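Novice: Provided herewith is a single structure, encoded as structure tokens, for subsequent inquiry.
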Amino acid sequence: MCIFTKKRSRMQCLKYVSFFLLAIVMVGCDSMSAYFNNEKTINDETTVFYIHSDDDLETVTQNLIDQKIIDDEDAFQAIIDYKEFNSEKLGAGKYEIEPGTEYKNIVNGFTRNRLGNGNKEVEVQVTFNNCQDIKEVAGKVSKQIEMDSAEFVNYLMSDSILKKYGFSPEKIGALFLPNTYRMYWDTDHIDFLNYMAKEFKSFWNPERMELLRNKKVFSGQSDVVTLASIVYKEQDKYPEEWKTIAGLYINRLKKGMKLQSDPTFRFCWGDELDGVERLLNVHKEIDCPYNTYIYTGLPPGPICIPPSSVVDAVLRAENNSYLFMCAKPDGDGLHNFAKSLSQHNNNAAKFQRWISQQQRANR
């Protein structure tokens, strides 16, 4: 502050103020120069760049240098200073940086907006198919977004979350519908679960809920998914059989018959039967609540995470009179269906003769 005194004229005071303003201008000169000089990236092709949720601005700057996206740290820092940019304004996520992008546009793109995303953050495709359980879902998804798989499973299986969504630990797999989804890379375990819950609610629209209510053998959506998981494990090659198999199992449920599905007792054995070509009766005797050769009704929950198209096939199951199924002798993966035990035994005998012939031919 310049204070007038008898010994300090107004002109002298103005000189002091001018020197002070000049100093301020000189300090900011480098920042302004860098901002208006249009410094550009040195990458010669579009480069994918990730900002992790715990990255600070210093880390991001160093990563830009290491990935050979920028080569003038001082110019980049000058723009950061000019824009008063800091770590709190960073938007974590995936970015695609085009060749020759101006430094100031990089900073603008990294800036978190009111939605919590970086201005130029791009979405990623997240796909999970052919999963046995939620651990496999978590493992696949965690390779595609920032979510930690163990943290997700622990969170999902906590009592509060199971209660919130109305699932038991055995049935929670029914919440997940295999598909390809678009979301931001920095999605964490909480946001991913919220996303899946919204997709579940969207899938179970009024039309599907009406179909569910018309199937008296099901108590809820998870029962439909459980049967769909059995249907899919019985037939994952020919979708045209899904509705027929679903109708067969629904007939058994209505009659109070055991489902006697091979995939259910295989589920009980885990990976111990992997590579075993010929299953024996002793394998079917394993005492496990999922073994439908021992226990009547549906298993406690899904034996895999089935595609939504199989769930739809169960909801629109074929109205047939079949009670039995057996693989066709030609080994193509299709089945013969039967309404009576005698007809089924005949089909089974044909299949066994074909198996024996194949074994003799391979000796």
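The values are calculated or read from the model by the stated rules, or taken from the named source; none is laboratory data. This one's a predicted model, so the numbers in the text were calculated from it and none came from an experiment. All Cβ positions, even for glycine, are placed from backbone atoms using ideal geometry, and neighbour counts span all protein chains on display. In case anyone asks, the SASA skips ligands and DNA or RNA and just uses the protein heavy atoms, side chains included. Shrake-Rupley method; radii C 1.70, N 1.55, O 1.52, S 1.80 Å.
Novice: Of all the accessible heavy-atom surface of the chain, with the other protein chains kept in place and a 1.4 Å probe, what percent is carbon and sulfur?
Specialist: Numbers: 9960 of 20600 Å².
Accessible surface attributable to carbon and sulfur in the chain totals 48 percent.
Novice: Considering the options L175, T127, N86, tell which one lies farthest towards the positive end of the dipole of the chain, charges being +1 on Lys and Arg and -1 on Asp and Glu at the Cβ, about the Cα centre.
Specialist: Result: L175.
Novice: Quick check: pseudo-label points 7 Å beyond the Cα along Cα→Cβ at A349 and K237, how many nm apart are they?
Specialist: 2.6
Novice: For segment 330-340, what does the Karplus curve 6.51 cos²θ - 1.76 cosθ + 1.60, with θ = phi - 60°, yield as ³J(HN,Hα) per residue in whole Hz, taken in order and with x for Gly and Pro?
Specialist: 7, x, 8, x, 8, 10, 9, 10, 9, 9, 10
Novice: Applying a 10 Å radius around every beta-carbon, put 54-64, 91-101 in order of their mean neighbour count, most first.
Specialist: Working: 54-64: 15.1, 91-101: 17.8.
Highest-to-lowest ranking by the protection proxy: 91-101, 54-64.
Novice: Can you spot the aspartates and glutamates whose alpha carbon is less than 13 Å from K171's alpha carbon? Ignore those fewer than 8 places along the same chain.
Specialist: D133, D223
Novice: Between T296 and Y50, what is the spin-label point distance in nm, taking each point 7 Å from the Cα along the Cα→C-beta axis?
Specialist: 5.3
Novice: Further question on the same structure: Cα-Cα over 19 Å: which of K216/K258; K94/K143; K140/K201; K216/K339? Don't skip to the answer; put the middle values down first.
Specialist: On the way: K216/K258 17 Å; K94/K143 14 Å; K140/K201 22 Å; K216/K339 21 Å.
Beyond 19 Å: K140/K201; K216/K339.
Novice: Based on the Cβ-Cβ distance of M209 and S309, what FRET efficiency does E = 1/(1 + (r/R0)^6) give at R0 = 22 Å, to the nearest 0.05?
Specialist: The formula returns an efficiency of 0.80 here.
Novice: With a point put 7 Å past each Cα toward its Cβ, work out how far E84 is from N129 in nm, to one decimal.
Specialist: Between E84 and N129, the label points sit 5.1 nm apart.
Novice: Strictly over 19 Å apart at the Cα level, which of K40/K68; K233/K255; K135/K237; K163/K198; K83/K120 would you flag in this model?
Specialist: In this structure, K233/K255; K135/K237 lie more than 19 Å apart at Cα.
Novice: With every protein chain present, what is the per residue accessible area of the chain (1.4 Å probe, Å²)?
Specialist: For the chain, the per-residue accessible area is 57 Å².
Novice: Using a ≥ b ≥ c from the Cα gyration tensor of segment 262-363 (square roots of the eigenvalues), is it rounded, prolate or oblate, where a/c under 1.5 gives rounded and otherwise the larger of a/b and b/c decides, a/b for prolate?
Specialist: oblate
Novice: Got a sec? Charge dipole of the chain, +1 on Cβ for Lys and Arg, -1 for Asp and Glu; which of P299, I65, L115 is way out at the positive end?
Specialist: Comparing the listed Cα positions along the dipole, P299 ranks first.
Novice: Note down the magnitude of the dipole of segment 49-180 about its Cα centre, charges +1 on Lys and Arg C-beta and -1 on Asp and Glu C-beta and zero elsewhere, to the nearest 20 debye.
Specialist: Using only the charged Cβ atoms, the result is roughly 860 debye.
Novice: For V122 and T59, FRET efficiency with R0 = 22 Å and r from the beta-carbon atoms, rounded to 0.05?
Specialist: 0.65
Novice: Hey, another quick one. With springs only between Cα atoms under 10 Å, which of A150, A349, A138 fluctuates most in a Gaussian network model of the chain?
Specialist: Result: A349 has the largest fluctuation of those listed.
Novice: With charges only on Cβ, +1 for K and R and -1 for D and E, what is the dipole size of the chain about its Cα centre, in debye, rounded to 20?
Specialist: About 1720 debye.
Novice: Considering the options A228, N214, Y238, tell which one lies farthest towards the positive end of the dipole of segment 212-265, charges being +1 on Lys and Arg and -1 on Asp and Glu at the Cβ, about the Cα centre.
Specialist: N214
Novice: Sticking with this one: How far, in degrees from 0 to 90, does helix 57-66 lean away from the longest principal axis of the Cα atoms of the chain, to the nearest 10?
Specialist: For helix 57-66, the angle is close to 80 degrees.
Novice: Picking from M325, M147, M209, which is most flexible by a Gaussian network model of the chain using Cα springs under 10 Å?
Specialist: So, out of M325, M147, M209, the one fluctuating most is M209.
Novice: For K243, go through the aspartates and glutamates and keep the ones whose alpha-carbon is under 14 Å away, minus same-chain ones fewer than eight residues off.
Specialist: Straight-distance partners of K243: E234, D312, E318.
Novice: Can you tell me which of 260-266, 222-228, 65-71 comes out highest on packing, and rank the rest after it, using the mean Cβ neighbours within 10 Å?
Specialist: Per-residue Cβ counts within 10 Å, averaged per peptide and sorted highest first, yield 222-228, 260-266, 65-71.
Novice: Now for a different question. Any chance you could check the Cα centroid distance between segment 274-316 and segment 118-181 for me, in angstrom?
Specialist: Computed from Cα coordinates, the inter-centre distance equals 23 Å.
Novice: Using the Cα centre of segment 48-123 as the reference point, and only Cβ charges (+1 on K/R, -1 on D/E), how large is the resulting charge dipole? Debye, rounded to the nearest 20.
Specialist: 400
Novice: For segment 46-65, list residues with backbone N below 11 Å from a point placed 7 Å from the Cα of Q144 toward its Cβ?
Specialist: Backbone N within reach: none found.
Novice: Report the gain in length on full extension from D72 to N38: 0.36 nm times residue separation, minus Cα-Cα distance, nm rounded to one decimal.
Specialist: Gain on stretching D72 to N38: 11.0 nm.
Novice: Could you pull out which residues in segment 321-363 have an amide N less than 15 Å from a spot 7 Å beyond the Cα of W269, following the Cα-Cβ vector?
Specialist: Label zone hits: none.
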